Number of protein chains: 2
Amino acid sequence: MLTSQRRALISARLANDGQIVAGELAREFDLSEDTIRRDLRDMAAAGLLKRVHGGALPVTPPLPDLESRQTMSTDVKKRLGRKAAELVRAGQLIFIDGGTTNAELVRALPRDMALTIATHSPVIAALLEKHRAEVILIGGRLYKHSMVSTGAAALAAIGMLRPDIFFLGATAIHPTHGLSTGDYEEAAIKRAIAARSAETVTLLTEEKFGAVSPHHIAGIEEIAGLIIPASMAPETSAPYRQKAVRIIEA
Amino acid sequence: MLTSQRRALISARLANDGQIVAGELAREFDLSEDTIRRDLRDMAAAGLLKRVHGGALPVTPPLPDLESRQTMSTDVKKRLGRKAAELVRAGQLIFIDGGTTNAELVRALPRDMALTIATHSPVIAALLEKHRAEVILIGGRLYKHSMVSTGAAALAAIGMLRPDIFFLGATAIHPTHGLSTGDYEEAAIKRAIAARSAETVTLLTEEKFGAVSPHHIAGIEEIAGLIIPASMAPETSAPYRQKAVRIIEA
DNA sequence: ATAAATCATGCAATATCGTGCAGAGTCAAG
DNA sequence: CTTGACTCTGCACGATATTGCATGATTTAT
């Protein structure tokens with residue numbers, strides 16, 4: 001059996017079963033576990049799956065909806081948010097994407113800072129109630145999974161803005177595949193905002209590293225600042241340090 | 001079963017049941033309690049859950065702003081909201097104004113009803129996350145006091161809609177001056193929505209009766225339904241019963 | 001206060017991992 | 001045909017991860 005054939009079978013099986021156990025595959029293909037491990041390692045590098053101890057899982061585990069994400073690693077997100085808030089200068093126009101990590105950025109922003117803040121997330125907008133900042137809400141069809149406006153109306157409204165900083169939210173980052181997310185419309189909106197912004201900054205928790213989602217947003221070299229947890233394993237962050245314009249640890 | 005898979009299941013179960021009992025999980029996965037305890041310990045360290053004696057609980061999601069609004073909601077508003085929700089039919093396009101009373105209407109709406117809901121309030125939009133309804137968010141400059149979109153962009157977006165019902169929020173109602181509110185831009189938006197809607201309904205708590213705010217929204221005779229507390233004094237409501245198209249007590 | 005349940009820790013057995021190395025096969029240039 | 005570069009594969013070996021058990025401490029319930 002050809003290697004590429006075998007890897008195609010592994011992909012198919014992963015899609016079917018939702019998991020891969022290295023030992024099982026070795027028996028099934030009558031190969032050493034080493035070979036399977038090498039397959040899994042290479043496929044993980046190519047973003048086809050997520051390597052875990054004992055086997056592999058699909059890259060985009062269907063698990064975390066917004067609610068469970070709200071409960072995740074809030075301490076880490078608070079630190080990222082505080083570090084990101086330090087990048088903001090009075091008088092700027094900043095665009096804040098949706099997501100719980102960006103919500104922590106909002107909480108860390110000084111309430112009395114004179115700013116203009118644009119967002120297409122009603123959740124982010126609701127958090128800005130007590131801030132002095134002028135808030136521009138981008139409307140559109142609300143995409144429920146991540147609770148952001150999408151569609152032509154949102155794109156048109158974004159066309160009116162020239163943000164100084166775009167705080168981008170993404171579900172996955174990969175050394176070669178860059179930043180990506182799960183929804184087509186959402187990705188289109190994020191690309192549009194990034195294209196109009198002077199610089200794009202993104203806050204990333206550790207579990208997003210090495211993952212790939214279906215829809216591309218931007219390459220790592222296009223991002224002016226990656227804010228990552230200081231607690232990350234050096235070998236996890238190493239491949240990104242090569243390409244990133246600037247990495248800020250929080 | 002892979003370790004990371006098991007932990008994902010624990011997360012999912014926690015989100016679903018709201019709690020984890022270590023012993024139960026051990027039997028369920030056919031593993032020693034030590035392993036489960038180690039999982040819980042590590043996941044707690046990662047901020048995924050809160051460890052307690054005997055098991056684990058979800059990390060309390062701190063959404064102070066929305067929470068404080070929830071605590072403000074009174075029984076009266078809940079009753080008004082439930083009554084208003086009964087007016088909504090599947091398939092309709094309804095427009096929901098901002099305000100805590102309309103928030104109760106949203107909570108009373110069946111989550112599985114097929115609807116299109118438009119709103120210019122990010123707070124209302126955020127509450128619709130779990131509903132099946134299609135949500136259209138109206139963007140614009142956010143008016144902080146009542147947290148609704150205003151301005152030309154909002155007006156333009158509203159021009160695209162033909163709502164079946166507009167659930168209007170107002171700060172004051174008066175027998176001769178009708179419905180009014182405190183902000184000029186806000187009043188203009190409300191008038192625009194009402195003008196395009198087949199009918200306008202408003203939910204009113206007792207303290208708003210007899211008051212007048214600077215900016216006129218609509219006369220009482222223009223409102224298809226006034227939803228008022230059944231507990232109101234008859235002499236307070238009497239002047240309105242003359243002019244109103246329909247009064248619904250809740 | 002006492003018993004039962006739950007917990008943290010250390011330890012040992014097993015599983016899995018990464019890496020280096022060597023043999024077998026492939027392919028193209030000489 | 002031969003040679004050398006290359007890839008794929010299996011094996012060895014030390015490192016790391018996972019798990020169950022034993023032990024003693026701590027917490028909870030009665």
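The values are calculated or read from the model by the stated rules, or taken from the named source; none is laboratory data. These numbers come from a predicted model, not from an experiment. So basically every Cβ, Gly included, is an ideal-geometry build from the backbone, and we count neighbours across all protein chains shown.
Name the one entry in A:Val88, A:Val123, A:Val76 that is over 24 Å from A:Asp183 (Cα atoms), within 8 Å of chain B (Cβ to nearest Cβ) and not hydroxyl-bearing (Ser, Thr, Tyr).
Exactly one of A:Val88, A:Val123, A:Val76 is over 24 Å from A:Asp183 (Cα atoms), within 8 Å of chain B (Cβ to nearest Cβ) and not hydroxyl-bearing (Ser, Thr, Tyr), namely A:Val76.
Looking at this structure, is A:Ala44 in contact (Cβ under 8 Å) with a residue 24 or more places away in the chain, more than 11 Å from DNA strand C (Cβ to nearest atom) and either more than 14 Å from chain B (Cβ to nearest Cβ) or assigned to a helix (DSSP H, G or I) (or both)? Please lay out each step first, then the result.
Working: in contact (Cβ under 8 Å) with a residue 24 or more places away in the chain: yes; more than 11 Å from DNA strand C (Cβ to nearest atom): no; either more than 14 Å from chain B (Cβ to nearest Cβ) or assigned to a helix (DSSP H, G or I) (or both): yes.
Judged against the criteria, A:Ala44 is not a match.
What single numbered condition from (1) basic (Lys, Arg); (2) within 14 Å of chain A (Cβ to nearest Cβ); (3) under 24 Å from B:Ile248 (Cβ atoms) fails to hold for B:Lys130?
Looking at each condition in turn, B:Lys130 falls short on (3).
Examine segment B:207-219 for a residue that is assigned to a strand (DSSP E or B), among the aromatic types (Phe, Trp, Tyr) and modelled with pLDDT under 95, and state whether such a residue exists.
yes
Just give me the residues in segment B:220-248 being touching a residue at least 60 places away in the same chain (Cβ under 8 Å), in contact with a helix residue (DSSP H, G or I) (Cβ under 6 Å, 6 or more places away or on another chain) and part of a loop (DSSP other than H, G, I, E, B), in sequence order.
B:Pro229
Run A:Arg89 past the list (1) in contact with a Leu (Cβ under 9 Å, 6 or more places away or on another chain); (2) at pLDDT below 85; (3) not aliphatic (A, V, I, L, M) and report the number of the one that doesn't hold.
Going through (1) in contact with a Leu (Cβ under 9 Å, 6 or more places away or on another chain); (2) at pLDDT below 85; (3) not aliphatic (A, V, I, L, M) one by one, A:Arg89 breaks only (2).
Here's a check for you: in segment A:3-24, which residue that is among the β-branched types (Val, Ile, Thr) and part of a helix (DSSP H, G or I) is modelled with the highest pLDDT?
Result: A:Ile10.
Can A:Val212 be described as in contact with a His (Cβ under 8 Å, 6 or more places away or on another chain) and of a type outside the set (Gly, Ala, Ser)?
Judged against the criteria, A:Val212 is a match.
Listed here are the residues, each with its yes/no results for (1) buried (at least 16 other Cβ atoms within 10 Å of the Cβ); (2) modelled with pLDDT under 80; (3) more than 16 Å from DNA strand C (Cβ to nearest atom).
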site	(1), (2), (3)
B:Ala26	yes, no, no
B:Ser32	no, no, no
B:Thr35	no, no, no
B:Leu48	yes, yes, no
B:Gly54	no, no, no
B:Pro58	yes, no, no
B:Met72	no, yes, yes
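Please verify whether A:Leu128 is in contact (Cβ under 8 Å) with a residue 12 or more places away in the chain and under 15 Å from A:His215 (Cβ atoms), treating the condition exactly as stated.
Numbers: in contact (Cβ under 8 Å) with a residue 12 or more places away in the chain: yes; under 15 Å from A:His215 (Cβ atoms): no.
Judged against the criteria, A:Leu128 is not a match.
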